[in-house]
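Comments concern the structure below.
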Amino acid sequence: MKPVLQTQLFKNKRLTITLVAIVFIVSTIFTVIQTFFVLKSDYEKSIKMVNKSIQQIKETRLEAISMAIWQLDSDQLNILIDGILKLPSITYIKIIENDSSIIEKGEKSQHYIIEEMFDLVNKNIEKIKLGTMYIQGSYEKNIEKLIDKTIKTMFIETIKVFSIAFILVLIVHKLIIKHLIAMAEYTKNLDTKRLTTALKLVKKEDKNNPDTIDIVVNAINTMRLNILNDLKEQKKAKIELEEINKKLEEEIKVRKKIEKAALEQKNRIQEQYNTIVKLTVENNIFEKSFKDGMYNLLKESAKTLHVDRISFWKFEDKNTIQCIYRYIVDEDKYINKNKTLD
């Protein structure tokens, strides 16, 4: 496998390890159960084989052995014993006559044995007991074969499980994991600047029958479009709000100007009113002289009207007017120089 593929495979270690562990554990459990039943069956077959051989001896050989002992035919007896030892799983035979062994053949086992003792009887002469035959059957070799078989089976099944897990990881990676990694990378790097880029996976998509991955991708893209539309609406609403605020600010400024102008006009009218009242009430304004009274009247009028200068004109006739008195506010100065306009 190429390093790049390995990196992609195990980029999400937790998911991969979990997947392999589940496959391995489940496969191991089924393998152990299957192996247990197979071994149990073989074990029972081994025991049945020993019992079958002993039963065969009982049914077919006991009478012949009894007859050979009765006739003192040792050659025939040895032939019969050798034939019995060739039966499956029969390992040891011993014939006892009058508490002494007359023949003993085979190897006596210590483990995994089945043993039987049969009376040797001459049925033709009042069933006289001639002796006793001890038979031992062993399935130790079968157990050893079963252990070897178990080791080989577990070894083969372990290789099989790992092979299946690895192939499954490859398949799941191709069908699921790599798409999950692509979706995770897309969502992790997704921001407002990348909302215009749709999520696309390198896979065939059946629009009429989408799989789970396609449904998730479509949901992400739908969410992306909804967010994009919401941002556009927010931006539009923000612009409209700014325009409304700008208009409100302008209206407030205009209103303040109007209020200020109205207040100034009100103050000016009040000041003019107060001046008129003052000039009307004060009877001594022309007390000193007419000139002083006019100066005082011009000064108060300029201050009230908020003008730079003010003057008093007199009609000489219908076509001519003459400036009699003038007052300049900045210089606080009275000018008596007469000026005539035709």
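General remarks:
- Residue within the stretch 77-89 that is under 20 Å from Leu146 (Cβ atoms) and aliphatic (A, V, I, L, M) present: no
- One residue alone among Leu248, Leu228, Leu195, Leu199 is farther than 30 Å from Ile17 by Cβ, under 22 Å from the mean Cα position of the chain (by Cα) and either at pLDDT 80 or above or not charged (D, E, K, R) (or both), and that residue is Leu195.
- Test: residue in the stretch 141-155 that is under 18 Å from Trp70 (Cβ atoms) and not aromatic (Phe, Trp, Tyr): no
The values are calculated or read from the model by the stated rules, or taken from the named source; none is laboratory data. Quantities reported herein were computed from a predicted structural model and do not represent experimental measurements. Every residue, glycine among them, receives a Cβ derived from its backbone with ideal geometry; neighbour counts consider all protein chains shown.
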